[in-house]
Amino acid sequence: MTLGQILVEVTLASGEKGIGVGGGGKSGVHVIDTVLKECLLGTDRDTPHQLHRVMCDHTSFYGRKGLVPMAISGVDLAIWDAYGKSVGKSVYELLTDVPPPTVLPMYQTVFDDAEAELAVKDGKQAVKLHVERFGDRPKPEVIGELVRSTRMRLGEGKAIMLDAFGRWNVDTTLAVAHEINQYDVEWIEEPVRPDQLEDYATLNRESPIPIAGGEHEYLEEGFLALAASKAVSVFQPDINWCGGLTSLIHIYRIAEDAGIRVVPHRGSEPYSLPAIAALDREQPLAESARSWFDCINGMAEVTPAGVELLLSPGFGVSLKP
Ligand SMILES: [Mg+2]
């Protein structure tokens, strides 16, 4: 689901330009043109963190989730890009002084066991089976058979995850979790809709397999609520939707305090990758890019060893002609 990706360009007072990608389609553009632009041009704040605060404060009565943070994401990323370019540093270098890794391990989102086997042959550390096509109340045995045949093809040592895309309920999720537990599954992702926090908390407590979520959660406050209710064991923020890099930095800190792993949604795309490299020293893992993320130049090379971290100024992105 593309959720209406939008391209944002900002120009600093120094003349430096930056490019960001957000979400929300034409509505997101409208939020930027009618609200965010005005509040940024009218402020005397100037760091990326301060400008993010200005945007969030200005929209807090009506924009704490969804469309507004998706628009803010694009602006925030463009600001970070311009800031990095203006000081001649990559976003990775803005986030840490630690020498960078050259490649990061990746996982591929796949739809069946044959695709999973190909992905691992290509060097992926893990695969995630997208199982939305089995419907809202799949028979646990059907999912069990898919996971069993995938585990047979991959052997041991490669992680398998499952993405239900918010379609299941508590009973279905627990039944599937018990069915597939013997195949060493790393997480079940978005088993129920993102607003069903109590169901998430129940599942995260009772499922033998860790629960992942957050692809459709927003801003620091949203992730603080997920952590406080112990809703998930893995956060999966999407940097182009959740509020941008500034929010993602907050999310890593919340996760560290709560003992939660962070594996950003489509993390091998250029906006998330520097944060994964800089902020996760324990278990970095970058999800495969989406084919529809094609509006900018600067996608990282994927090699059998992993995805390569680029250190060009900003996010290393440029506009496609
Ligand atoms: Mg997902």
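Which number gives the lysine pairs in the chain that have C-alpha atoms under 12 Å apart and are eight or more places apart or on different chains? Value for the chain: 4.
For residue 50, neighbours were defined as the other residues whose beta-carbon sits under 11 Å from its Cβ, and their charges (Lys and Arg +1, Asp and Glu -1) total -1.
Largest GNM mean-square fluctuation across 251, 296, 239, computed for the chain with C-alpha springs under 10 Å, falls on 296.
One compactness figure for the chain is 0.99, namely its Cα radius of gyration divided by 2.2 N^0.38 Å. When you filter the GluC sites (Glu not before Pro) in segment 280-321 for DSSP loop state and at most 16 other Cβ atoms inside 10 Å of their Cβ, you are left with 282, 301.
Counting only DSSP beta bridges whose two residues both lie in segment 95-319, roughly 20 percent are antiparallel. Loop-located GluC sites (Glu not before Pro) in segment 54-159 (DSSP state not H, G, I, E or B) with no more than 10 neighbouring Cβ atoms inside 10 Å: 156. Taking trypsin sites (Lys or Arg not before Pro) across segment 20-122, the ones in a DSSP loop with at most 16 further Cβ atoms lying within 10 angstrom of their Cβ are 45, 64, 65, 89.
About its Cα centre, segment 95-319 has a charge dipole of approximately 260 debye under the convention of +1 per Lys or Arg Cβ and -1 per Asp or Glu Cβ, with nothing else charged. Averaging Cα coordinates gives a centre for segment 1-60 and one for segment 68-83; these two points are 5 Å apart.
Here, each number is a calculation from the coordinates, and none is a lab measurement. Quick caveat: nothing in here was measured; it's all calculated off a predicted structure. Neighbour counts run over all protein chains shown; Cβ positions are idealised from the backbone, glycine included.
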